Amino acid sequence: MSLPSQQRSFGGRVGRKKAGGSARLIVIGVAALTVVGIGWLLTRGGDEPAVRTDSQAAALSEQAGAALSETRLSETGLSETGLLDHGGSESDDVMLIEDDGFVETGVLSARQEDSRPRAGENAPMSTALAALRERDAAADRAANPAAKSPAAEPAAAPATPRPEFGGDLASLMNAARDHLRNQNLVEARTVLNEALRHPSASAAQQAVIRSDIATLNEDLFFGRLVYPGDPIASEYTVQPGDSLARITYRKGLACDWRLLRRINGLDQRGSIRVGQTLKLVQGPFHAMVDKSDYRLDLYAGPPGAESQWVYIRSFEVGLGAADSTPVGTFVVKQDSKLINPNWRNPRTGEFFAADDPANPIGEYWIGIEGVGEAAVHTGYGLHGTIDPESIGSQASMGCVRMQDEDIAMVYDLMSFTVSEVHVRP
């Protein structure tokens with residue numbers, strides 16, 4: 001299926017005039033009005049927003065912040081062209097508020113507090129992680145009723161072998177449980193990744209391991225705390241002139257700026273302030289689609305080096321009717337990530353507008369193109385659906401369908417040309 005190569009949206013800037021004049025009263029009055037005006041611009045709502053957002057700010061993370069002048073037509077789909085009106089010039093007098101949430105120095109310093117825990121502080125354990133540790137503790141107690149209670153047990157006590165794992169795999173699982181017991185989450189994830197790739201791991205064992213790593217990643221990856229030694233996450237202090245898109249590009253994160261908004265718990269605009277500490281995560285990210293299990297696994301790591309990839313989490317997917325989803329290696333096509341896309345059915349020619357509730361593509365589209373032997377496969381992608389009951393079955397025209405909240409997360413992680421999508425039988 002083919003879609004427009006870029007979404008259409010409009011952006012703008014707001015300029016602020018400097019106070020002038022020699023009379024002290026005039027200076028004070030103008031300054032007061034300026035402060036009130038800024039607050040009104042930042043907080044007003046209604047039918048006529050003070051600032052038009054530019055969703056194409058995401059391109060800054062892909063193309064060194066180059067402004068886009070117009071949308072481009074795809075092979076099929078987009079029936080009209082829209083121009084991006086950036087207007088004005090960027091200077092010290094300009095406050096730019098985009099989807100990625102740049103806010104001029106100090107504007108929100110009195111409103112926003114950085115409540116994110118710092119590295120080394122005791123962060124509250126997530127409910128999922130606490131349940132994971134309790135599960136393993138219960139297994140220990142069941143296997144050895146005469147053992148001391150977990151509260152009295154030494155921190156470095158070895159874990160009881162899990163009966164469902166054998167050989168070297170059991171050793172890896174026990175090592176992971178030791179790390180978990182000692183709250184060494186990064187080390188636990190590292191060992192579990194080795195276990196996931198172990199040649200003796202059965203499909204059922206891999207499912208258990210994936211579940212354990214995904215639970216750890218609720219804190220390690222999607223949580224706001226950066227744990228010491230984590231190769232994926234780091235901290236960053238917001239500098240004057242920063243925006244989430246600019247940070248994403250300058251730090252070479254190989255993901256969408258919206259991922260930073262997601263993991264840092266920011267508002268819809270991604271508003272940030274100078275001096276604020278953010279958590280960054282390092283891409284690129286890749287997807288493995290297992291057709292036999294209707295499952296998409298997300299990984300982080302360098303392209304073409306699967307043995308170095310770190311598992312993130314999994315999603316259930318829908319596939320092409322009559323086994324029409326092609327297998328092979330794909331990459332995310334340049335300029336093919338779309339929000340609220342329109343779509344034309346390549347078989348019938350029927351056109352669905354972006355906001356049409358009958359549009360089967362849903363809210364997100366990630367176009368992919370085959371490489372190597374799969375280069376013959378074009379027009380496919382990952383997308384949402386208006387038929388959530390079709391997930392877990394063969395119902396699409398060959399694309400990979402996902403639930404709305406799942407494709408939104410995958411959209412945040414995937415990056416043009418470097419994110420790989422491997423589709424396996």
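The values are calculated or read from the model by the stated rules, or taken from the named source; none is laboratory data. Please read these numbers as outputs of a predicted model, since none were measured by experiment. No Cβ is skipped: glycine too gets one built from the backbone with ideal geometry, and neighbour counts run over all protein chains shown. With ligands, DNA and RNA removed, areas are computed over all heavy atoms of the protein, side chains included. Shrake-Rupley method; radii C 1.70, N 1.55, O 1.52, S 1.80 Å.
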Exercise. Is the shape of the stretch 323-417 best called rounded, prolate or oblate, per the rule: a/c under 1.5 gives rounded, else a/b larger than b/c gives prolate, else oblate, with a ≥ b ≥ c the square roots of the Cα gyration tensor eigenvalues?
Worked result: rounded
Exercise. What is the extension gain from E218 to E350, computed as 0.36 nm multiplied by their sequence separation minus the C-alpha to C-alpha distance, in nm to one decimal?
Worked result: 43.4 nm
For this session: Provide the solvent-accessible area of R262, counting protein heavy atoms only and rolling a 1.4 Å probe, rounded to the nearest 10 Å².
Result: 90 Å²
Exercise. What translational diffusion coefficient, in µm²/s and rounded to a whole number, does the Stokes-Einstein relation yield for the stretch 325-377 at 25 °C and a viscosity of 0.890 mPa s, taking the hydrodynamic radius as the Kirkwood radius over Cα pairs?
Worked result: 198 µm²/s
Problem set entry | Placed amide H near T385: partners under 5 Å, 5+ positions off or other chain | E363, M402, D404
For this session: Arrange the peptides 353-364, 180-191 so that the one whose residues have, on average, the most other Cβ atoms within 10 Å appears first.
Result: 180-191, 353-364
Exercise. Semi-axes, largest first, in whole Å: what does sqrt of 5 times each Cα gyration tensor eigenvalue give for the stretch 268-326?
Worked result: 32, 17, 9
Exercise. Stretch Q206-E373 to full length: gain in nm at 0.36 nm per residue minus the Cα-Cα span?
Worked result: 57.3 nm
For this session: Grab the other residues whose beta carbon is less than 11 angstrom from that of S393, score K and R as +1, D and E as -1, and report the net.
Result: -2
Seminar exercise, completed: Check: C-alpha center the stretch 178-220 vs C-alpha center the stretch 353-393, spacing in Å is 31 Å
Exercise. If R0 is 30 Å, what FRET efficiency do you get for R424 and Q239 from their C-beta distance, rounded to 0.05?
Worked result: 0.10
Exercise. If the label point is 7 Å along Cα→Cβ of E405, which residues in the stretch 329-372 have backbone nitrogen under 17 Å from it?
Worked result: 363-364
